[in-house]
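Only one structure is covered here, and it is reproduced in the block below.
The values are calculated or read from the model by the stated rules, or taken from the named source; none is laboratory data. Quick caveat: nothing in here was measured; it's all calculated off a predicted structure. We place every Cβ from the backbone using ideal geometry, glycine too, and count neighbours over all the protein chains shown.
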Amino acid sequence: MCLLKNEGDLLPLKKDLKRIAVIGPNANIARIGDYTEAAHDLPQQGMFEQIKPLVSSNTIVSFSAGDNIEQAVALAKDADVVILGLGEWLKISGEGFDRSDLNLPGQQEELLEAIAGTGKPVVLVLQNGRPLSITWTAKHVPAILEAWYPGEIGGRAIAETLFGDNNPAGRLPITFPRSVGQLPDFYNHFPSRKDSYVEGDSSPLS
């Protein structure tokens, strides 16, 4: 796992927080990735279920899939910290499946911005098979953990990482672009050439 951002040392989270909201389509499931059956993506192995036994018995851990953004926002407003589980899933990432953009799929961007707008501390956990375009996220979300497709007990690994029992010491094997229009995020030219082939900032996001 790769810790992409940790502003203000938000991570690791304290295990004795009073209320934790775990929100999002990837918040209650461990995504296994390509060449697996979706039925094997088990909710009991998701980070929501794995966080509950890890924290204090006095901590209230609540869950919302984020389908109803208004309800998710209300849950977030009542929490000390929000853990957002977003990203991709089988059938949109893998052999024979591709996408026309790198944005968060579905209404995830809308959900993310609404939760961030509450002013609550937000930790974003991404489970995905490719780099995503998260330029807005990088500016407005204090902590971002890239979990990729973490496997059958990925929820436990994510939970342990969020609460300091595991070190997110991974290094990115790929580049996160600022936008899909920036790809490919390299250009063959002599090192002395300083101009960019794309308008805007040509440096990678991460």
* Asked: So is ARG193 at pLDDT below 90, within 13 Å of the chain's Cα centre (by Cα), on the phi < 0 side of the Ramachandran plot and not in a strand (DSSP E or B) or not?
  -> no
* Test result for GLN45, modelled with pLDDT of 95 or more and surrounded by 13 or more Cβ atoms within 10 Å (Cβ to Cβ) -> no
* Read through the list (1) modelled with pLDDT of 95 or more; (2) surrounded by 13 or more Cβ atoms within 10 Å (Cβ to Cβ); (3) not in a strand (DSSP E or B), then give the number of the only condition that LYS139 fails. => (2)
* The listed residue being modelled with pLDDT of 95 or more and hydrophobic (A, V, I, L, M, F, W, C), out of ALA65, ALA30 -> ALA65
* Give me the pairs, please: first residue somewhere in the range 86-108 and closer than 23 Å to ASN28 by Cβ, second residue anywhere and in a loop (DSSP other than H, G, I, E, B) and among the hydroxyl-bearing types (Ser, Thr, Tyr), beta-carbon distance under 6 Å, and either six or more positions apart or on two chains. => ASN103/SER133
* Asked: Just checking, how many residues over the range 58-117 are among the β-branched types (Val, Ile, Thr) and exposed (fewer than 13 other Cβ atoms within 10 Å of the Cβ)?
  -> 0
* To do: Working only within the range 142-161, note down all residues that are part of a helix (DSSP H, G or I) and under 12 Å from the mean Cα position of the chain (by Cα).
  => ILE158
